[in-house]
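Okay, structure first, notes after.
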Amino acid sequence: MMFTNTGDLLQECVATYERAYTYFRSVGDDRGISRTVARIAEAYLARVFAPVALLGLPYEEVARLPFFRVSALAADKSLEKLVLAPVPAPDPDPTRPPSDRPSSTGSHKTPTDFCILSSCGRVAV
């Protein structure tokens, strides 16, 4: 068999999967039915998805990344000095004297026990 374009190939592909679907349906093989239906959908999607996703533009043109400027936030050198440091957990009883409060150096650290220290002060994460 000779295919003259991609439409002929797609038509033969779907026809073959439809024959398989008819066979699986006649023997009651639900797994085979689901696989052939999924493959029919994949065959149609493969033919339609790329042109629609690329908006008809050539792939080589879409695959190139355009030049972009670095944002002011990323270019700010003072942000390189950010450090993660442990933060003491809040005391459930603030009326207790500091000597009776539990230590914050326990082994039960959570992601909220850390903060970012920068030149502008503490910022909780």
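The values are calculated or read from the model by the stated rules, or taken from the named source; none is laboratory data. If you're wondering where the values come from, they're calculated on a predicted model, not measured in any experiment. All Cβ positions, glycine included, derive from the backbone under ideal geometry; neighbour counts span all protein chains shown.
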Discussion item. Here are the criteria: (1) at pLDDT 70 or above; (2) of a type in the set (Ser, Thr, Tyr); (3) part of a loop (DSSP other than H, G, I, E, B). Tell me which single one Ser103 does not satisfy.
Written reply: (1)
Worksheet item: What is the residue count in segment 54-75 for residues that are in a helix (DSSP H, G or I), surrounded by fewer than 10 Cβ atoms within 10 Å (Cβ to Cβ) and aliphatic (A, V, I, L, M)?
Response: 4
